[in-house]
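The values are calculated or read from the model by the stated rules, or taken from the named source; none is laboratory data. Predicted model only: the values in this text are computed from it and were never measured. With ideal geometry, Cβ positions are generated from the backbone for all residues, glycine too; neighbour counts draw on all protein chains shown.
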Amino acid sequence: MKIICIALSWLVLVGTCCPQRDPTGDQSHGNPTGALNDELRELRSFAQRITASQDDHQKALLWLSLNRGAKQFADRMNATFPDTSLQGDKISPVNAQKLAQEATSYGVRIEYCEVSAKWSADNQGYLKYLELWPGGPDADESTWMGPMQHAAFCGDFEGSVEELRENIAKQKQFLKRFPNSRFARQARQELADSEAQLADVLKSNKTQ
């Protein structure tokens, strides 16, 4: 009996000194929004460093990192809130909208795109990079994601003659400026697709 009492006393002592973690705490692996909060802290850090920096090139790199982080945040939003819905100007779940609004406050817009039915990040950081360091080492990525709009938060491309001609001009300009970019192969493919699509549209217009 004495041994049992000692053992029970020991268990009580261990439980008091080493309490178990609350599984509802804000831990990335236990809370579905925990990883999003971690990424928000990272976005906040980039924004604070941008404000504090006095060097344009350093600011450009921070804006680039901020936009990359925003894209990752949007991807995480889609994984965390796969059933997001939009009715009027209200998004469900409300918590998702609040998280997106906080992320947006750090410099790159995060919004739910009704066209794609996904959360997306915009391209403000890429555009700021080009403004601050137009000839920088990441100018090709920033041009591809910014002016070329591969990181635009929500596209509504109709495939009109004007849109196709504008795309073709942008793709040719990109390839002329960045022939060895890691995006060059995709740009050449998109150029060929746009030219073929334009030929089809023009041919269809003639037969009407």
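At-a-glance table
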{"read-out": "The lone exception for Lys176 - which of (1) surrounded by fewer than 12 Cβ atoms within 10 Å (Cβ to Cβ); (2) of a type in the set (Lys, Arg); (3) assigned by TED's automatic domain parsing to the domain that holds Leu43 it fails", "value": "(3)"}
{"read-out": "Residue that is farthest from Asp38 (Cα to Cα) [pool: residues in segment 78-103 that are of a type outside the set (A, V, I, L, M, F, W, C) and touching a residue at least 60 places away in the same chain (Cβ under 8 Å)]", "value": "Asn95"}
{"read-out": "Residue within segment 131-143 that is in a helix (DSSP H, G or I) and surrounded by fewer than 18 Cβ atoms within 10 Å (Cβ to Cβ) present", "value": "yes"}
{"read-out": "Residues of segment 108-129 that turn out to be over 28 Å from Asp83 (Cβ atoms) and in contact (Cβ under 8 Å) with a residue 24 or more places away in the chain, as a count", "value": "4"}
{"read-out": "Within segment 96-118, considering residues that are within 22 Å of Phe46 (Cβ to Cβ) and among the hydroxyl-bearing types (Ser, Thr, Tyr), the one surrounded by the fewest Cβ atoms within 10 Å (Cβ to Cβ)", "value": "Ser105"}
{"read-out": "Odd one out for Arg21 among (1) surrounded by 15 or more Cβ atoms within 10 Å (Cβ to Cβ); (2) modelled with pLDDT under 95; (3) basic (Lys, Arg)", "value": "(1)"}
{"read-out": "Matching entry among Glu195, Glu111 (being farther than 27 Å from Met77 by Cβ, acidic (Asp, Glu) and either out of contact with any Asp or Glu (no Cβ under 6 Å at 6 or more places or on another chain) or modelled with pLDDT of 95 or more (or both))", "value": "Glu195"}
{"read-out": "Residues located in segment 47-86, provided they are farther than 24 Å from Asn31 by Cα and either in contact with a Pro (Cβ under 6 Å, 6 or more places away or on another chain) or of a type in the set (Phe, Trp, Tyr) (or both)", "value": "Trp63"}
{"read-out": "Complete set of residues in segment 151-164 that are in a helix (DSSP H, G or I) and either touching a helix residue (DSSP H, G or I) at 6+ places or on another chain (Cβ under 7 Å) or exposed (fewer than 14 other Cβ atoms within 10 Å of the Cβ) (or both)", "value": "Val161, Glu162, Leu164"}
{"read-out": "Number of the exception - Met148 against (1) in a helix (DSSP H, G or I); (2) among the hydrophobic types (A, V, I, L, M, F, W, C); (3) under 20 Å from the mean Cα position of the chain (by Cα)", "value": "(1)"}
